[in-house]
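Working notes for the structure below.
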């Protein structure tokens, strides 16, 4: 252990809080990349509109808790519990993703167009979605009122006692947070918990249910699965819905943390999501999860332990390059026949 | 679901029908006794002007840049309305600002400048970013049209071509970072006795990166040790990694060069992480969003800026009121500087009493002590702005003048 | 070196002068529709970039690395002209040399990848280049002060910049980018360069190399079994693409006068791809047309202001869905004559008209309250066309089964276009001007057209016999 700490220059790093940072950043990346990876594994296309769905999910969630004032570019009050925004964003994101599929992918799929065309049509619709969001929600930043989101770091509130079993957990958490200087707000904890639940849920669907079997069959071969009686169109629709719902959830959690809603939100995640699914394994669900934490770990390491924080992205891309070179299926991906 | 969709479609159609009507329904509001902008006395009422005088306005109105470009355009719109309603250019003439989207890249701004120059505007305001200014301003200078940046703070904007004949057409009314930051740092060091700091800056943006360099120079000048420097990228929303590292070093102050979107996040997360010392920011911090989005976390932020919403200046207060009434939210520094820029251009037209670009340039260059929300405004010989920057501290949700009384604020 | 350059100067100068004279009438025409000065340069540069990616696509490789090569060319060129007083010609040669060198180095390992994997790896390459350029000064500044490698780094940096020991190293100027680059690129330079490229492409198609690359695109394994050196030709295609992109980078840097790392981000890579794909990969004319059109479009549509993004995205989407062969397929008789294309043609007409309608209605709506009139007579000229075409689609789709319906609707659309033209002329001579009714009619017409388009959606699968394998 000492050797490792020396080697990675960890002596100078406060590594407990940084590991928490890795976990929550990684959860967010993974959640975003899961939907990306799902579409890639089922359809074999990169859906570059995923970040636009992410952004729209966040706006839909905001609309759900804030009401119609968001169309005037304002959110003066949140009357309902702010967490309602997450299911709303998931449903909104899911529906929008289905629309994206119908408009940008379906006609090309019908024509058996090359994957390259589908990549470009996804870019086209992403540009449109951002432009529409600018028209609908305005170009200036929207935020929820300050008191809507619990933003304080966890601490030990007054009036707790060890006798109350429920309080013990809060005291323990507060003590840890204070002891190790961890930056952990309720929203961040929420991101970690919700992401884990959704990841497990998706894993369950893909591996344990008939639907998941159907998806894997379609991913293997569209023709074979239609011969086997799988309703391919339905599978595509459900895959897009799930992917959009994950994007919506990620978008909502992301914006709950930052409390900044902008039409350009998420554009910086398009490429990051790509690195995540490549490092983990193109088209592998577990790979996307691993990749998310890996990318977060590299970024945190570069910033926390070296003087070259600005090169974090370059290092991620360089690694990504190496992975593609020597193990194109990624860390957890299965060797695939020529895809795409 | 289908029913809902139909309703939405109907509503949208109705909205398209109603919108133009509601736009027409805006009324001017009644005039109140407010201090007047402009050189009403200094320059005689123009006699030779007539018709619409076109002045180009190039701001980034689409994409992520729009959150800065839109308030800028609003500032000019407000000025346009005031100038024309008050008959500033005489009975016969009005000023018409021609708005073009400069996008967020250089090419779009250049194209916008060329279009405006071809259309025969007499002057241009913009573009939003310094990087765009370096690309586009020389075109205006080549055509002999005065151009004024209202948000370009990078070093060397007004001497960008290196040719005095061309440079003389390039103005700006936005104080460069080097006009604001050294004073801020010196004041903060003097009052708070800061010995070491940590710097956090955006390294992929010319505004924040040049702000960082000015900060470093100013800190060295003041004899302050820089413990560590951390970076982030435009659009980042999480700074916990950098902040964790910074707080561990326990600096006396945190120096941040960021635009407002990131600044709010940095301030909030620094406070969440338990840092309660001073945070020193530059022009980028200067937006009402600092209070509205960071709330009490913003307390203890020291901002040096060309202007801010709490400026104790009659014209500034009147402007804040009018702007808030017109657009629903208080103006930020971008809106104020563009508002002043539009007034300066109109003043140059009035004082030149001519719609000839060369005359307007000469009139613009000779503007001295123009009363504005920014204070008494003048151009120096390099056509950079001269007015007093403000060093203020956020105290209890409002800007307050940062003076000796805050020496023990952080204890 | 100098003598060679002087020699070239002597030959090229008259050529540039003649070209300038020849293209002047065209430039005058372009100015009328709002394309002037630098915009023409940007269009020509886009065409060059389209060609640069055409090479890799022609060889069946899906590479998005060209934005990175453009950055390399632009930075090398700009450093030479700003810090070493080089001429544009020298900058061009060294920029292309640097781009080509790097293409050779990374090509061998990277081109083993195929399809989407290659695309992703090249995206990664572009990002690494961009970030390294941004961090170059700081990184080199630190390495320069390093005791072990400092000496070598100093020597290398000495080639690029005079003041190696400056407190802050200034080579790429970090995120601020390089300014004061001489604006030396003239339209004539670009036209001549483009013509040379076009000639090269024209010859290339009939050359041994061109046929080999086409074979690799069709089927790599078969090509290899025919004795074609797949690895060699792939690298050659990648190399040619890289040096052309580098040249475009040098030209664009010397058009704009200032460059920064963010000019060469992922968005640029996508733009370059779009030039080639939207223009059409069927022939070498495609990327040129695609580049010219796509770069001109935002300027022509500038009046739409905040709707530009919407329209640009929509056009991208519509072309990729309805015109799989790209814009150039419109020029082929087979496109209009073959039976199976009728459905497509119908949809293109639909899409085009919806587009025109949106173009006209939205800005009108936007400023109707403020000014009453924006676009002028052409808006009113278009009105009857929208309505007649909308009604036509509606009726045809209702009364006749496909595919005959498609054929008739094209016919009707043609008639409607004639009507529109007539009204346009009437409008231009000032016969129609009624604001309020025009506005409502506009809306009705648009609703009808959109309705018609929706009914014909989604596109049917074309008959298998009509389907040809698409490029890439």
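The values are calculated or read from the model by the stated rules, or taken from the named source; none is laboratory data. What you see is a predicted model; the values in this text were computed from it and never measured. Counting neighbours? That spans all protein chains shown, and the Cβs are built from the backbone with ideal geometry, glycine included.
Screening the candidates B:378, B:338 for the property of being under 30 Å from residue B:284 (Cα atoms) and assigned to a strand (DSSP E or B) yields one hit, B:378. (1) in contact with a strand residue (DSSP E or B) (Cβ under 6 Å, 6 or more places away or on another chain); (2) assigned by TED's automatic domain parsing to the domain that holds residue B:149: which one isn't true of residue B:386, the others all being true? So residue B:386 meets the others, but not (2). Of the residues C:157, C:132, the single one that is touching a residue at least 12 places away in the same chain (Cβ under 8 Å) and either within 14 Å of chain A (Cβ to nearest Cβ) or not in a loop (DSSP other than H, G, I, E, B) (or both) is C:157. The set of residues in segment B:381-411 that are in a strand (DSSP E or B) and crowded, with 19+ Cβ neighbours inside 10 Å comprises B:385, B:390, B:391, B:392, B:393, B:394, B:399.
For residue B:325, the conditions (1) closer than 17 Å to residue B:70 by Cα; (2) within 14 Å of chain A (Cβ to nearest Cβ); (3) surrounded by fewer than 22 Cβ atoms within 10 Å (Cβ to Cβ) are fulfilled apart from (2).
Quick grid of which residues meet (1) loosely packed, with under 15 Cβ neighbours inside 10 Å; (2) over 22 Å from residue C:130 (Cβ atoms); (3) without any contact (Cβ under 8 Å) to a residue 60 or more places away in the chain; (4) assigned by TED's automatic domain parsing to the domain that holds residue C:88:
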site	(1), (2), (3), (4)
C:153	no, no, yes, yes
C:162	yes, yes, no, yes
C:166	yes, yes, yes, yes
C:172	no, no, no, yes
C:176	no, no, no, yes
C:187	no, yes, no, yes
C:193	no, yes, no, yes
C:199	yes, yes, yes, yes
C:202	yes, yes, no, yes
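Can you confirm whether segment C:116-127 contains a residue that is modelled with pLDDT under 80, facing chain A (nearest Cβ under 8 Å) and part of a helix (DSSP H, G or I)? Yes, because at least one residue in segment C:116-127 is modelled with pLDDT under 80, facing chain A (nearest Cβ under 8 Å) and part of a helix (DSSP H, G or I).
Only one entry in C:280, C:227, C:267 is touching a residue at least 24 places away in the same chain (Cβ under 8 Å) and assigned by TED's automatic domain parsing to the domain that holds residue C:125, namely C:280.
Just one of the listed residues (B:217, B:206) is out of contact with any strand residue (DSSP E or B) (no Cβ under 9 Å at 6 or more places or on another chain), at pLDDT 90 or above and more than 9 Å from chain A (Cβ to nearest Cβ), namely B:217. Please work out if residue C:41 is within 15 Å of the chain's Cα centre (by Cα) and more than 25 Å from residue A:116 (Cβ to Cβ). When the stated conditions are applied, residue C:41 passes them.
Of the candidates C:47, C:91, C:86, C:67, the single residue that is part of a helix (DSSP H, G or I) and either surrounded by fewer than 23 Cβ atoms within 10 Å (Cβ to Cβ) or more than 15 Å from the chain's Cα centre (by Cα) (or both) is C:91.
Any idea which residue in segment B:292-307 is nearest to the other protein chains (Cβ to nearest Cβ), counting only those that are crowded, with 22+ Cβ neighbours inside 10 Å and closer than 24 Å to residue A:75 by Cβ? This residue is B:293. The lone criterion from (1) under 25 Å from residue B:347 (Cβ atoms); (2) away from chain C (no Cβ under 14 Å); (3) part of a helix (DSSP H, G or I) left unmet by residue B:175 is number (3). The criterion of being at pLDDT below 80, assigned to a loop (DSSP other than H, G, I, E, B), more than 14 Å from chain B (Cβ to nearest Cβ) and touching a helix residue (DSSP H, G or I) at 6+ places or on another chain (Cβ under 8 Å) holds for residue A:332. Just a yes or no: is a residue in segment A:299-308 without any contact (Cβ under 8 Å) to a residue 60 or more places away in the chain, surrounded by 24 or more Cβ atoms within 10 Å (Cβ to Cβ), assigned to a helix (DSSP H, G or I) and at the interface with another protein chain (Cβ under 9 Å from one of its Cβ atoms)? Yes, the conditions are met somewhere in segment A:299-308.
The combined condition, being surrounded by fewer than 21 Cβ atoms within 10 Å (Cβ to Cβ), over 22 Å from the mean Cα position of the chain (by Cα) and more than 14 Å from chain A (Cβ to nearest Cβ), is fulfilled by residue B:52.
Selection of segment B:105-121 for residues being surrounded by fewer than 24 Cβ atoms within 10 Å (Cβ to Cβ) and outside any helix (DSSP H, G or I) yields B:105, B:120. Can you say whether residue B:256 is buried (at least 24 other Cβ atoms within 10 Å of the Cβ), assigned to a strand (DSSP E or B) and either in contact (Cβ under 8 Å) with a residue 24 or more places away in the chain or not assigned by TED's automatic domain parsing to the domain that holds residue B:189 (or both), as far as the supplied structure shows? Spelling it out, residue B:256 is indeed buried (at least 24 other Cβ atoms within 10 Å of the Cβ), assigned to a strand (DSSP E or B) and either in contact (Cβ under 8 Å) with a residue 24 or more places away in the chain or not assigned by TED's automatic domain parsing to the domain that holds residue B:189 (or both).
For every residue, the table says whether it meets (1) in contact with a strand residue (DSSP E or B) (Cβ under 8 Å, 6 or more places away or on another chain); (2) more than 7 Å from chain C (Cβ to nearest Cβ); (3) free of Cβ contacts under 8 Å to residues at least 60 places away in the same chain.
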position: A:110; (1), (2), (3): no, no, yes
position: A:119; (1), (2), (3): no, yes, no
position: A:125; (1), (2), (3): no, no, no
position: A:132; (1), (2), (3): no, no, yes
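Here residue B:165 clears all of (1) surrounded by 24 or more Cβ atoms within 10 Å (Cβ to Cβ); (2) assigned by TED's automatic domain parsing to the domain that holds residue B:68 except the condition numbered (1). Quick one: in segment B:58-98, which of the residues that are more than 14 Å from chain A (Cβ to nearest Cβ), within 20 Å of the chain's Cα centre (by Cα) and outside any helix (DSSP H, G or I) is surrounded by the most Cβ atoms within 10 Å (Cβ to Cβ)? Of everything passing the filter in segment B:58-98, B:58 is surrounded by the most Cβ atoms within 10 Å (Cβ to Cβ).
Scanning segment B:275-301 for residues that are under 18 Å from the mean Cα position of the chain (by Cα), under 19 Å from residue B:252 (Cβ atoms) and outside any loop (DSSP other than H, G, I, E, B) returns B:281, B:285.
Within segment B:221-263, the residues that satisfy the criterion of being out of contact with any strand residue (DSSP E or B) (no Cβ under 8 Å at 6 or more places or on another chain) and farther than 20 Å from residue C:260 by Cβ are B:221, B:222, B:223, B:237, B:238, B:240, B:241, B:244, B:247, B:248, B:250, B:260. Residues that are buried (at least 23 other Cβ atoms within 10 Å of the Cβ) and either assigned to a loop (DSSP other than H, G, I, E, B) or in contact with a helix residue (DSSP H, G or I) (Cβ under 6 Å, 6 or more places away or on another chain) (or both) within segment B:181-193 comprise B:181, B:185, listed in sequence order.
Of all the listed residues (A:270, A:265, A:255), the sole one being farther than 23 Å from residue A:328 by Cβ and either under 12 Å from the mean Cα position of the chain (by Cα) or not in a loop (DSSP other than H, G, I, E, B) (or both) is A:255.
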